[in-house]
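Beneath this line is the structure, given in structure tokens, with notes to follow.
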């Protein structure tokens, strides 16, 4: 097998952000699995050359997978949901969703791939769970490295940080991927979405009305002839009026008392800054009442396409199902640009060393 084009199995694949990025890095997807009908529909529509299963991983065995895999995967990758470890909301180690990491572990144990990649929420580190994940897979004979990666440092117009676990049987420990973008060269929100047509509450646009103005926009539009997912939810007039007072990058403190919303937190009703990367893309991206989900200049929440741009999905990647589901698929995805960078890094012999980098432990403590 050619080590520069590894074959992989994508578990908890969602809409396919990880598969898309790895494919662009030259990796070969063999099969995707998720228990989410809308996301699997999206995956199938965008990856016609291999299968995607709508299946519960707890019911999958090596024997079952063998019927769908055209060859043995060299890598198993995925983002097993661990909302119980998230920094958002109540964090519970006993959350049953955390056990999905154990199902991922079981499949790795049964298929015995050369390596694996797990991408997860930063909260998993904050609860001290990263050590448990390392121990879990080290017990299978893998050298396991973990890294906290800020998406903006790798060309994604988003500041969200993620934990990545990388294990391999023979190569040693994976070094931290070198950052490609310094603070002063981060892709900004406006760099990412500034070419998209204006659209008002309750409206949809399917045609471009201006040329791309940045390298990022040109990259996102390559091969695309029309827009999909550029739909705004209906907002009541009083909400549109209230957020009209908020300046670029501002928050609800700019809203006069007479128009001030009666609910929400201090960081609700805040605009994205056009001059910086987005803070994070969440499933609430279309709701002005959420955190940093208001368009920098237009008085509305974001569209699924704008969220996809901020995640790094090209415009040729279309999302199935309704608007709410599209936003959830976008928010739950691994940024494809980050995945592509990781895919290129993992096939570089210089990426591997005999010992886990001590600097990463210090980085985690400071994060």
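Rounded, prolate or oblate: pick one for segment 167-257, where a ≥ b ≥ c are the square roots of the eigenvalues of its C-alpha gyration tensor, a/c under 1.5 means rounded, and failing that, prolate if a/b is larger than b/c, else oblate.
prolate
Could you work out how far helix 323-332 tilts from the main Cα principal axis of the chain, as a 0 to 90 degree angle to the nearest 10?
Helix 323-332 sits roughly 50 degrees off the main axis of the chain.
What shape does segment 223-367 have by the C-alpha gyration tensor, where a ≥ b ≥ c are the square roots of the eigenvalues, rounded means a/c under 1.5, and otherwise prolate means a/b greater than b/c and oblate the rest? Write out the running numbers ahead of the final one.
Working: a/c = 2.96, a/b = 1.60, b/c = 1.85.
Because a/c hits 1.5 or more and a/b fails to exceed b/c, segment 223-367 counts as oblate.
Modelled label-to-label distance, residue 64 and residue 182, 7 Å Cα→beta-carbon offset: nm?
In this crude label model, residue 64 to residue 182 measures out at 5.1 nm.
Report the Cα centroid-to-centroid distance between segment 329-344 and segment 188-212 in angstrom, as an integer.
That distance is 22 Å.
Just to be sure I understand the model, the point goes 7 Å from the Cα along the line to the Cβ. What's the resulting residue 244 to residue 72 distance in nm?
Reported label-point gap for residue 244 and residue 72 is 6.6 nm.
Which length gain, in nm to one decimal place, applies between residue 109 and residue 234 when the Cα-Cα distance is subtracted from 0.36 nm times their residue separation?
Residue separation times 0.36 nm, minus the Cα-Cα distance, leaves 40.2 nm.
From the convex hull of the Cα coordinates of the chain, what is the mean projected area in square nanometres? Show your work: numbers first, answer last.
Numbers: hull surface 72.3 nm².
For the chain, the mean projected area of the Cα convex hull comes to 18.1 nm².
Taking 1 over the mean of 1/r across every pair of different Cα atoms in segment 153-218, what Kirkwood radius in Å do you get?
Mean inverse Cα-Cα distance, inverted, gives 15.3 Å.
How far apart, in nm, are two points set 7 Å out from the Cα along the Cα-to-Cβ line at residue 297 and at residue 138?
About 5.2 nm separates the two model spin labels.
Using helices alone, what [θ] at 222 nm do you get for the chain, with -39,500 (n - 2.57) per DSSP H run of 4 or more residues, divided over all residues and rounded to the nearest 500? Walk me through the numbers on the way to the answer.
Working: 13 runs with 105 residues, N = 367.
After summing the helix terms and dividing by the residues of the chain, the value is -7500 deg cm²/dmol.
Across all directions of projection, what mean area in square nanometres is found for the Cα convex hull of segment 1-78?
Computed as one quarter of the Cα hull surface, the answer is 4.7 nm².
What percent does the relative contact order of segment 224-356 come to when contacts are Cα pairs within less than 8 Å and at least six residues apart? Intermediate results must be reported in sequence, preceding the final value.
On the way: 206 pairs, mean separation 31.4, N = 133.
Once divided by the residue count of segment 224-356, the mean separation gives 24 percent.
Within segment 40-77, whose backbone N sits under 15 Å from a point 7 Å along Cα→Cβ of residue 99?
Correct set: 56-60.
Every read-out reported here was derived from the displayed coordinates using simple, explicitly stated rules and does not represent laboratory data. This structure is a prediction, so every number in the text was calculated from the model and none was measured. Virtual Cβ from ideal backbone geometry, glycine too; neighbours counted across all protein chains shown.
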